[in-house]
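K.L.:
Please find one structure pasted underneath; my questions will follow.
The values are calculated or read from the model by the stated rules, or taken from the named source; none is laboratory data. None of the values given here were measured: they were computed from a predicted structure. Every residue, glycine among them, receives a Cβ derived from its backbone with ideal geometry; neighbour counts consider all protein chains shown. Ligands, DNA and RNA are stripped out before the accessible areas are found, and what is left, the full protein with its side chains, is counted by its heavy atoms. Shrake-Rupley method; radii C 1.70, N 1.55, O 1.52, S 1.80 Å.
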There are 2 protein chains.
Amino acid sequence: MRIALLQCLPGAADLAAGLARLDGCATAAATSGATLLVTPEMFLTGYAIGADAVARLAEPADGPAAQAVVAICRTHGTAVLYGYPERGADGAVYNAVQLIDADGMRRANYRKTHLFGEVDRAQFSAGDAPSPIVEFGGLRVGFAICYDIEFPEVARALALAGAEVALVPTANMTPFESVATRLVPARADENTLFVAYANYVGREAGFTYCGLSCVVAPDGTDLARAGAGDETLLLADLDRARLDAARSRVTYLRDRRPELYGATPGEDA
Amino acid sequence: MRIALLQCLPGAADLAAGLARLDGCATAAATSGATLLVTPEMFLTGYAIGADAVARLAEPADGPAAQAVVAICRTHGTAVLYGYPERGADGAVYNAVQLIDADGMRRANYRKTHLFGEVDRAQFSAGDAPSPIVEFGGLRVGFAICYDIEFPEVARALALAGAEVALVPTANMTPFESVATRLVPARADENTLFVAYANYVGREAGFTYCGLSCVVAPDGTDLARAGAGDETLLLADLDRARLDAARSRVTYLRDRRPELYGATPGEDA
């Protein structure tokens, strides 16, 4: 599976503008042969736009913006994982990502479970469900959003639930570059899975995003890595052979001792 | 607390020789102002010496070799964490480390819980207890051995049990350099604790040890780092102020969502 990882400036708090930009990026992704475009966190509306704007722009996972993304996916024949503010059935607003495939099917939706600092807590409610795992492009794919992936438990739970790829839209700012350079590769390595981490560059509401978007192989090495400051569409091929080679060489997932430190839900201790 | 981390060639399968070498290293550590010397895994006898030699050299945690280490600690007024083959009361042989303080008190003993490959499995039984946490030098100290620290659960459990320092004797070989350069710094960073990782250099039984011993600060940056090939005594000061600064800035330990991925024993989910 070839994925296209978008590293870009944060957009305006404007759904129409966000959808137009997504359409352009999906065109570029499809042209490059990618079957999936992965955007940064809250791509459709910008991330640090404030609680009022988030509340105004939030929509259900099957709302008008999602229907517009369905049309984009069908038009270009490419899948999209995009970040957006989700209005839950409970009325709360979540920091969410949704995967829509090339046929326009809504395949997965995930709400950020670990809120980061005041910027997240002022804007969002925390999700209370672990990521779904979906078959996509011949691999089992799970999701995390930004701060989520900094917790080793999150990637471990994904791997134990069967994920072979973790797709991670983010809005990671200075001085936290080491998340992109140290923790994300560690997550791939210690779980023998692919991790795709799509970040912003530039500034938004006092934050300076640090780029360094990457696709990391299941042995922890970079398949593709963006710089700290440039907008780019990063391409990487996620090959099952590379996954299988890592999992035959490195046996962390089999060598755990859950009886010593607690089982993950669904796992026998 | 100043620690001295020993990076050295593996020794011979000879307790007297191992104790003589330990005495020399303790002299050097004390001279440098260190209050604690940390050796690589199985320092007293060498690591990959085979099941027969391990069985022949294994002693209880309070056996003659331990008494000799007690004398070394008292003579030089320095504490020692050393690796050795432990003969359990059950008759089994464990890959263990023991902390003896400058007064000659046996403060902690830990048996490796995650055995690595055939080399460990042929020589040792796996420990079944998490690391003790002991107050030492004004900090709470826990232990892991080599492969243990590659599991994020291990360092997380140490931190949640109150550890502020993880002392990690190891015998890490090529091509696994990324454990020293990526995973060990990640463990420090994601748990906001000090990690001291003491490795061998040189060859033993077909393995080439990769050095890169390090002391990593609670923000994931190196306090000290050895090269890949040289014997050295690495010095580092573990300051509480540095720990406190990291823990006030980075709140991973408070922001976990154990209800989503399982609690660690003793923790409420």
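K.L.:
Can you tell me which of (1) away from every other protein chain (no Cβ under 14 Å); (2) under 28 Å from A:F176 (Cα atoms); (3) open to solvent by 50 Å² or more (accessible area, probe 1.4 Å) is the one A:D239 doesn't meet?
P.N.:
(2)
K.L.:
Is the range B:172-179 home to any residue that is more than 25 Å from A:A159 (Cα to Cα) and either open to solvent by 10 Å² or more (accessible area, probe 1.4 Å) or more than 14 Å from the chain's Cα centre (by Cα) (or both)?
P.N.:
Yes, the range B:172-179 has at least one match.
K.L.:
Also, quick follow-up: crowded, with 23+ Cβ neighbours inside 10 Å, within 19 Å of A:Y94 (Cα to Cα) and more than 14 Å from chain B (Cβ to nearest Cβ), is that true of A:A122?
P.N.:
No; evaluated as a whole, the condition is false for this residue.
K.L.:
Would you list the strands (runs of 3 or more DSSP E) that sit entirely within the range B:186-269 and hold 2 or more residues that are among the aliphatic types (A, V, I, L, M)?
P.N.:
B:194-198, B:214-216, B:222-225, B:232-237
K.L.:
Is at least one residue of the range A:95-104 within 18 Å of A:Y200 (Cβ to Cβ), touching a helix residue (DSSP H, G or I) at 6+ places or on another chain (Cβ under 9 Å) and not charged (D, E, K, R)?
P.N.:
Yes, the range A:95-104 contains at least one residue that is within 18 Å of A:Y200 (Cβ to Cβ), touching a helix residue (DSSP H, G or I) at 6+ places or on another chain (Cβ under 9 Å) and not charged (D, E, K, R).
K.L.:
Would the range B:39-57 turn up any residue that is of a type in the set (D, E) and crowded, with 23+ Cβ neighbours inside 10 Å?
P.N.:
Within the range B:39-57, one or more residues are of a type in the set (D, E) and crowded, with 23+ Cβ neighbours inside 10 Å.
K.L.:
Could you identify the single residue in A:V201, A:V216 that is among the aliphatic types (A, V, I, L, M), touching a strand residue (DSSP E or B) at 6+ places or on another chain (Cβ under 9 Å) and buried (at least 24 other Cβ atoms within 10 Å of the Cβ)? First the steps, then the outcome.
P.N.:
Values: A:V201 fails: buried (at least 24 other Cβ atoms within 10 Å of the Cβ).
Just one listed residue meets the conditions, A:V216.
K.L.:
Quick one: in the range B:157-169, of everything that is part of a helix (DSSP H, G or I) and in contact with a helix residue (DSSP H, G or I) (Cβ under 6 Å, 6 or more places away or on another chain), which residue is nearest to the other protein chains (Cβ to nearest Cβ)?
P.N.:
Across the range B:157-169, the extreme among qualifying residues is B:A157.
K.L.:
Which residue pairs have Cβ atoms closer than 7 Å, lie 6 or more positions apart in sequence or on different chains, and pair a first residue in the range A:145-171 that is on the phi > 0 side of the Ramachandran plot with a second residue that is surrounded by fewer than 24 Cβ atoms within 10 Å (Cβ to Cβ)?
P.N.:
So the pair list comes out as A:C146/A:F116; A:G162/A:I133; A:G162/A:R140.
K.L.:
Consider the range B:170-205. How many of its residues are away from chain A (no Cβ under 13 Å) and among the acidic types (D, E)?
P.N.:
Qualifying residue count, the range B:170-205: 1.
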